[in-house]
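Worksheet: the structure to be examined is printed underneath.
The values are calculated or read from the model by the stated rules, or taken from the named source; none is laboratory data. Quick caveat: nothing in here was measured; it's all calculated off a predicted structure. Note: ideal-geometry Cβ built from the backbone for every residue, glycine included; neighbour counts use all protein chains shown. What goes into the accessible areas is simple: the full protein's heavy atoms, side chains included, and nothing from ligands, DNA or RNA. Shrake-Rupley method; radii C 1.70, N 1.55, O 1.52, S 1.80 Å.
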Amino acid sequence: MFTDNRLIRSWKKDRETLKALSLRQKLGFIFDYYKGLFFLAFILLLLLFYIGDMLWQSHRVIDLQGFFVNDRQNLFPAGELIRDFSAYQHTPRGHRIAFEDSLYVDLDSGSEYHAASQGKIVAYTAARELDFLVAPKELALYYAKSFPLYDLEQLLADEPDLLARVQADLITAKDGNGTAKACCLELKASRFLKNPAYDGTDSYCLLVLSYTPHTQAMVSFLRYAYSLPPKDASLTP
């Protein structure tokens, strides 16, 4: 009861103060006095937005998930690639493509952002949610010996036209299971490195995680990357 009376008195006092102020002063008073509440309300709305987005996204099936690491020249703009590749492969309603291009890793750096990016890659791989990874060659070869990877010659065994395009750029290395295989694809002949913004400083490589169940979508992405028609279109007379 005492608290209620105190709140009522405080509210009445604020109301009397506001009456004596100009409109501009009133707005300044309200902002200064209640800015803490405004900030909390903003955080709450932001939290609700993220929760709503997560719930909405959770009802959509991910057809393919990939990370583009250390893309300093914006050669792999995730948003554009999602839209373009979704249209290329006619991603059905209720399904989605999940690409991310904001990860930066420097294994010799103590940066929190680099550590967080590395942590996300490891976490998604451990959870078997990541289908493929694109990174500069040196970093890709580091990941190659750390993760279980697909043999790309095996993945593309039924894609002779695509395999012929990439054969010369396949790199054989031992993966995380210690098995030597053609597990690393240098993307120098792909559409991505034909971008006029590419200065040739970094050579990017693609790795496909061995556990991926999305092999059809993965092959479709590689056909897209090398400017080949979609599989169905290529079979059309």
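Run the simple label-point estimate for R191 and A115 please: 7 Å along Cα→C-beta, distance reported in nm.
Placing both labels 7 Å along Cα→Cβ, they lie 3.9 nm apart.
May I ask which of K120/K181; K120/K194; K120/K145 have a Cα-Cα span longer than 21 Å here? Before the final figure, lay out the partial values.
Working: K120/K181 26 Å; K120/K194 29 Å; K120/K145 18 Å.
Checking Cα-Cα distances, K120/K181; K120/K194 exceed 21 Å.
Heavy atoms only, 1.4 Å probe, whole protein assembly: order K231, K194 by accessible area, highest first. List each step's numbers first, then the result.
Numbers: K231 80, K194 145 Å².
Solvent-accessible surface, decreasing: K194, K231.
Mind putting a number on the dipole of region 102-180 about its Cα centre? Charges go on the C-beta only, +1 for Lys and Arg and -1 for Asp and Glu, and I need it in Debye to the nearest 20.
Details: 6 positive and 13 negative charges, 46 e Å.
Using only the charged Cβ atoms, the result is roughly 220 debye.
Using mean Cβ contacts within 10 Å as the protection proxy, how do 151-159, 185-193 order, highest first? Mind showing how you got there, number by number?
Values: 151-159: 17.0, 185-193: 19.0.
Peptide ranking by packing, descending: 185-193, 151-159.
Dipole magnitude of region 173-237 about its Cα centre, charges +1 at Lys/Arg Cβ and -1 at Asp/Glu Cβ only, in debye to the nearest 20?
Dipole size: approximately 140 debye.
Accessible area per residue for region 57-149 in Å², computed with a 1.4 Å probe and the full protein assembly in place, what is it?
Accessible area per residue: 50 Å².
What FRET efficiency do you get for D108 and K231 if R0 is 35 Å and r is their Cβ-Cβ distance, rounded to the nearest 0.05?
Numbers: r = 42 Å, r/R0 = 1.19.
So the FRET efficiency works out to roughly 0.25.
Taking amide H positions as placed in the peptide plane 1.01 Å from N, state which residues far from F99 in sequence (5 or more) or on other chains have amide H under 5 Å from it.
It is G66, by chain and number.
7 Å from Cα along Cα→Cβ at both N177 and S86: what's the point-to-point distance in nm?
Taking the simple label geometry, N177 and S86 are separated by 3.4 nm.
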